[in-house]
């Protein structure tokens, strides 16, 4: 088999809704605070005391039939050989066509400079005694603290103002034969990741064992993120 | 029991009023162009000032629309990339390519209209040749929204039809009102006789306009029908759009922009020559202005309403 | 500057535990001098598209997360001297390389621009919440001089006992500052935070099985988990292990969660029992009643009737002589004194849980036994009178024989560590005399038995120290040092602490951030961050493995911070020596020689390491008598540094059955252990146990005092004026109340069920809200008889009508600009629950009562 088709299966029974994936993703991909490449839908139904709470982790579905790719006028949003839906910042004109096209709300546009706090803030809450954001990043010589430079291998380390950004399944890690960071960071091991072309891969086995579901099947997007079992 | 669902994504609308302005001006420009081409075959050589107005207006409007589109882009200076790629699946790509072609072509066409009497064969052939480009640009304005199945309000056939009819009504209205200003500035509306003459010359235009409006109203009705009686998501999307932008859509877009002008237009057709010239001129001005205002708010309501917050789809 | 030798574990993230390539080669030379010696290469914003598989950057090093008291072994990735990301330590048998969300947040703590860079001195002599301290930066030498001068004055005046050390969170190097410093200086006052943590929960296990500690739980083999306020998927005390195994537990076991609020564990449970706050005890005794009347107790552990046909029948007394006990003591007494009338129908009226659900859960639990866990947490015990609820709920483990058993609730394995060297030789006369004075917190007084490990006054009464200081009873505190503690935020009825701290003539705060407590300090000393900048070690347990795990200095601190538990006391000792009192420095220098080289420490940095090596010797030093006896045989100090964790052997079931450390050596349903402790306390005060119970606010009298029994909930406030019972709970993102200044905390707060991002919500059932005409999202005041806080109203079905629930952790009026709405004006973002909670106690354990609906509130729209 030559090419791969990466996919993820999320075991909702194992998931405990802790958001470690969301936070770890921010750390790995230098994502602005309120962008959620890794995200979740939460739902409370019923009436006390018969209440049901559900948590559905979400991320880019890396759709086989990706509307963001179809509607991107410059091929900035594109499918890779491995089935990833990737974004080339060098081609992005920031038209947001991908964003309006995505039924899952997983694409974010940098309407302003990302991480503004670390760009300019020189104020201290106790002058002379506490630090400033500028001191921190200048001292560390990084654009933001705990900046992960490995992200630069395949994407802008931090995506500049004007363009969109989204989950890449950590393609920079895949290139090193490592799982996406959310997969590694999930303490419940609820994320099963691998090559869907390989019938022996963990996600394929999980799909065969359970009845997988996808988000918004009626959109015909053919997501590569599947859900099994119940939260 | 109403489910209580939260999903914190980036706050919309992702496409804001600037897109509506682009659609509005672009559509009107295309409408104006097609009107010019059409009239150049109908009107006699001596009466083609209105063609001239329309031909000049077309590129101006489309360029204006493009400017707003550029404003909307995160990185407008990267726009040229569009021309280096081939992305037939993307209406925006088609739009980029064909709007540019159209701007160049329509300027060329307008330049041939430096003299109102110059609408001879060459000009008419050029107009015909550019017509498919214009139609594509017009259709693009609808397709842009219609292909996005993430937004049920847009994702319909009538979206495209309404866009095409929309460019007809707003384009004509824009031409009429501009031409009226132009005629007045040139003193051609100074005496009743000349006014009557002027009105005669534009009466075919008026008739096309009334027809387009009737069709437009019908399209909107079908649009509403398809959503109201469509899938659950269609209904929810319609409801959400209505909740946030219903007033704008129905009162400004439909009543003010369609029903009132249609009424005025119908009145004008019925009363015909009997009405006072001055009143007829004023009616034309008012009707055109209302169509333009309504046409803009109609688009704004559709652009924004299509992105209104719908119930969050989760795993079923 | 000091360079610390660090040993990277592995360069390759995906390398399994067995892979040691790369680390041996680099062990010798790697030091964190890159940041100091030269600018690291500027790599960011330079994309190398041509080389898609760029080599991994940096290396992973071990440390420990102290975001909660699980104390997880973690690893931190260091790139060019910068901490970039974190993960679990794969060497750990306890969390098996998994971590919860908390360690990630630590990255934002250590690089928080609101951290204190240098020592700060107060220049405004007036102290109060509304006073600006007018802090100015000073050097460490000047700071130490100011503090030492104040301390020397106490020695000159022979009132060294008026010196106190307040301790919040700690590592096991704590005794260097918390014990040795005051004792050699001459004060009894090491005052810890323990009583605001979870001591009441330990009380239950102590009175029944003689174990004053947290239990461990055999989740891997269990068939029933009954959580009492416990929310192991979100908080204490083994979060990552619980998270990682819960999917399996759901497959193999029933899960029932007793919690007034729909916690995440309750949300994923088979049974949610939304008990009326504070009525857990009623529920527990009713379950015990069901287990006995249904005949489902463990014959093996508990014993049986001598003759066939013996039974526990509701309402009927049983002859003690008719029942032969196996590993337990006093079952029939318990039945006759308490359980016989505690029917589920009775409990339903008390606790709001339907009788059939009580019966169903009790039977399910007992039938799964011994693979059944009754998991007692602070939620069900840190209540006024909560010690007895803890006892009742824990007693269920005894009843079904699941204690110390396969799939049940177990004690702990030994994690060997040495104590600090004997300090008595370094105490002079003043020290000897004054360190025997009474402690400031009034522990052991009639109204505060605080019976830790059965000793009257054996445990701290943290929150009462404020009142004691304010009342000058037993004396005034004149100089105090608080470290890693924020009592002005974390103790209930915070305004007492604001006043008490303001009253202390010289107060020093060692902290990473300028917190509420710092606001009253004369001197604020910047502390190293526990996970990245500090040496230390912790002992903990999860997954039936105990462990010792290291805190390491992995990055060179950006600011002039010192390690609170070692460097600061060393510098104090140096200054005291300069001023003529050298005994503390002598002790530190002479007693803490490096166990490998034998050299005495010359400065605080060396001292930190030598103290750490000394105390952890049994884990790594083959020459230690305990080496290898209880678990891993680490190959010397470098190996310990590289692995970062020492694992104990796995727990052995039934190892305590014949030797519980109770008075009787058995599992006590009638607690002779508690009887002895209460008796001793009464005797000390020349009174009776009944009088003690009266003074300590319990309703039990006579024999009932010694058995797990129902105590009615104690609530502050009249129902008429304050219609809602207040429920407080924990956040899965709280790093013990210190993470609210992290933007990631705020941006993911809705991971706590019912909560919202960038908000601090009070959750109310929609039924109540519609009755009061309150709307979702509106700003409200939550007012109690004690105080008031502001929060955002959230309508949510996950709370019982008549109660409101709010998470602890936000409402800082100091700490930083994310945590507070306006730091300069001292306006909090959200509200601190401790502003409305009363200073109430479970006095037998000394614990602060923050749960159990101890306070009633009213909700007013603002």
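Hey, got the average number of other protein chain Cβ atoms within 10 angstrom for residues in C:136-145? Provide the component values of the computation, followed by the final result.
Details: counts 4, 5, 1, 0, 0, 0, 0, 0, 0, 0.
That average works out to 1.
For each of B:303, B:160, count neighbouring Cβ atoms within 10 Å of the residue's Cβ, then give the residues from fewest to most. All intermediate terms of the calculation are to be shown ahead of the outcome.
On the way: B:303 27, B:160 21.
So the ranking, lowest neighbour count to highest, is B:160, B:303.
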Original post:
Quick one: helix C:199-209 against the long Cα principal axis of chain C, what's the angle to the nearest 10°, folded into 0 to 90?
Top reply: 50 degrees
Original post:
How far, in degrees from 0 to 90, does helix C:140-156 lean away from the longest principal axis of the Cα atoms of chain C, to the nearest 10?
Top reply: 60 degrees
**OP:** Return the whole-Å distance between the Cα centroid of the range A:91-138 and the Cα centroid of the range C:737-814.
**Re:** 28 Å
Original post:
How much of the DSSP beta bridge set in chain C is antiparallel, as a percent to the nearest 5?
Top reply: 55 percent
Subject >> Two-site label geometry, residue C:134 and residue C:360: point separation in nm, points 7 Å out along Cα→Cβ >> reply: 6.7 nm
Subject >> For the range B:91-109 versus the range C:141-190, the gap between their alpha-carbon centres in whole angstrom >> reply: 81 Å
Subject >> Highest-MSF residue in chain B out of B:254, B:195, B:302 [GNM, Cα springs under 10 Å] >> reply: B:195
Original post:
How many Cβ atoms of partner chains, on average, are near each residue of C:237-243 if near means within 10 Å of its Cβ?
Top reply: 3
Original post:
If each of residue C:822 and residue B:181 carries a label point 7 Å out from its Cα toward its Cβ, how far apart are those two points in nm?
Top reply: 4.9 nm
Subject >> Packing-based ranking, highest mean first, of B:161-167, B:258-264, C:576-582 given that Cβ atoms within 10 Å are counted >> reply: B:161-167, B:258-264, C:576-582
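Using the 10 angstrom Cβ neighbour count as an exposure proxy, how do C:265, B:178 rank, fewest first? Intermediate values should be presented prior to the final figure.
Details: C:265 26, B:178 19.
With the fewest neighbours first, C:265, B:178 line up as B:178, C:265.
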Original post:
Taking the DSSP beta bridges in the protein assembly as shown as the whole, what percent of them are antiparallel, to the nearest 5?
Top reply: 65 percent
Original post:
If one computes the Cα centroid of the range C:423-493 and of the range C:666-716, what distance in Å separates the two points?
Top reply: 23 Å
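Quick check: residue separation of residue B:129 and residue B:243 times 0.36 nm, minus the Cα distance between them. What number comes out in nm?
Values: separation 114, 0.36 × 114 = 41.04 nm, distance 4.40 nm.
Computed gain between residue B:129 and residue B:243 is 36.6 nm.
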Original post:
What's the extension gain from residue B:16 to residue B:104 if we count 0.36 nm per residue and subtract their Cα-Cα distance?
Top reply: 29.0 nm
Subject >> GNM result for chain B, Cα springs below 10 Å: residue of B:67, B:290, B:279 fluctuating most strongly >> reply: B:279
**OP:** Using R₀ = 22 Å, calculate the FRET efficiency as 1/(1 + (r/R₀)^6) where r is the Cβ-Cβ separation of residue C:153 and residue C:475; round to 0.05.
**Re:** 0.90
Subject >> Cβ-based exposure ranking for A:129, C:619, A:186, C:742, in which fewest neighbours within 10 Å come first >> reply: A:129, C:742, A:186, C:619
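Suppose we keep just the DSSP beta bridges with both residues in chain A; what percent of those would be antiparallel, to 5?
Numbers: 20 of 24 bridges.
Approximately 85 percent, going by the DSSP bridge assignments.
Please compute, for peptide C:262-272, the average count of beta-carbon atoms on other protein chains lying within 10 Å of each residue's beta-carbon.
Numbers: counts 6, 1, 5, 1, 2, 9, 10, 0, 0, 0, 6.
Per-residue shielding by partner chains comes out at 4.
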**OP:** Note the angle between two axes, namely the Cα long axis of helix C:355-368 and the longest principal axis of the Cα atoms of chain C, as a number of degrees from 0 to 90, rounded to the nearest 10.
**Re:** 70 degrees
**OP:** Just subtract the alpha-carbon distance of residue C:582 and residue C:433 from 0.36 nm times their residue separation and send over the number in nm, one decimal.
**Re:** 51.8 nm
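If packing is taken as the mean number of other Cβ atoms within 10 Å per residue, what is the order of C:707-716, C:301-310, highest first? Mind dumping the intermediate values first?
Values: C:707-716: 23.3, C:301-310: 14.3.
Ranking, from highest mean packing down: C:707-716, C:301-310.
Sorted by mean Cβ packing within 10 Å, highest first, what order do the peptides B:7-20, C:407-420 take? Walk me through the numbers before you get to the answer.
Values: B:7-20: 18.4, C:407-420: 20.3.
Result, highest mean Cβ count within 10 Å first: C:407-420, B:7-20.
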Original post:
For chain A, modelled as a Gaussian network with Cα springs under 10 Å, which listed residue fluctuates most, A:105, A:139, A:94?
Top reply: A:139
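Rule-based calculations on the coordinates, nothing more; no lab input. Just so it is clear, the model here is predicted, and its values are computed rather than measured. For neighbour counting, all protein chains shown are included, and Cβ atoms are generated from backbone atoms with ideal geometry for every residue, glycine included.
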